[in-house]
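Asker: The following block contains the structure, expressed as structure tokens.
The values are calculated or read from the model by the stated rules, or taken from the named source; none is laboratory data. Model, not experiment: these values are computed from the prediction. Cβ placement follows ideal geometry from the backbone for every residue including glycine, while neighbour counts extend to all protein chains displayed. Please note that ligands, DNA and RNA were not included when accessible areas were found on the heavy atoms of the full protein model with its side chains. Shrake-Rupley method; radii C 1.70, N 1.55, O 1.52, S 1.80 Å.
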Amino acid sequence: MVHSDIAAVYGNGEKSAILDTVSRKIVESFDVKKADVEYDKAQQLPAYINEMITHRVWRRTIYKLNEVYPKSTMLGAALQQIADKGYQAEMTSLNSTSLHAQVFYPLLVECFEKIAPADNENVQARMSELRNAACRSEKTYILAQY
């Protein structure tokens, strides 16, 4: 939707710069209190979040927001939705996922599941992913042991 509109008007080269700028502006102007009130009242994510989750640039925006506001209930629910949609692999580098055990555990399970079928060439890469996820912080290290 927005991606194709921007590409049609400005071309693919400018699309990335424009989307990065919009993402940065969203992070700068995000009102966490207002977002959490909206989420707590509706008890579900706004429809625009579900649309954002389908695009990598907007998922990265949600990740950035969650790094800034790790206690946000709406952003925590958005992370859970992202994980439920199958994007756990791109979440392994996030510091804030450790704050959400319901997101961290499936991510850790996925890391383990990737090791078993891996051939000799890929085992080291899969072990590195597991190590990065489990050793991201003291909390993830402890959570990974349970």
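Asker: Scan the stretch 36-48 residue by residue and report those that are over 17 Å from Leu19 (Cβ atoms) and not acidic (Asp, Glu).
Answerer: We begin by selecting, within the stretch 36-48, every residue over 17 Å from Leu19 (Cβ atoms); these are 36-47.
The answer is Val37, Tyr39, Lys41, Ala42, Gln43, Gln44, Leu45, Pro46, Ala47.
Asker: Take the residues in the stretch 93-105 that are open to solvent by 50 Å² or more (accessible area, probe 1.4 Å), part of a helix (DSSP H, G or I) and under 19 Å from Arg59 (Cα atoms); name whichever of them is modelled with the lowest pLDDT. Write out each step before concluding.
Answerer: If we filter the stretch 93-105 for residues that are open to solvent by 50 Å² or more (accessible area, probe 1.4 Å), which is where we start, we get 93, 95, 99, 102, 105.
Checking which are part of a helix (DSSP H, G or I) leaves us with 99, 102, 105.
Next, only the ones that are under 19 Å from Arg59 (Cα atoms) stay: 99, 102.
On the way: Leu99: 55, Gln102: 69.
Here the residue is Leu99.
Asker: Can you give me the number of residues within the stretch 47-86 that are of a type outside the set (Val, Ile, Thr) and either in contact with a strand residue (DSSP E or B) (Cβ under 9 Å, 6 or more places away or on another chain) or not in a helix (DSSP H, G or I) (or both)? Steps first, please.
Answerer: Narrowing the stretch 47-86 to residues of a type outside the set (Val, Ile, Thr): 47-48, 50-52, 55-56, 58-60, 63-67, 69-72, 74-81, 83-86.
Retained after the next criterion (residues that are either in contact with a strand residue (DSSP E or B) (Cβ under 9 Å, 6 or more places away or on another chain) or not in a helix (DSSP H, G or I) (or both)): 55, 69-72, 85-86.
The qualifying residues number 7.
Asker: Something else now. Based on what the data block shows, is Glu38 under 16 Å from Phe104 (Cα atoms), open to solvent by 40 Å² or more (accessible area, probe 1.4 Å) and part of a helix (DSSP H, G or I)?
Answerer: no
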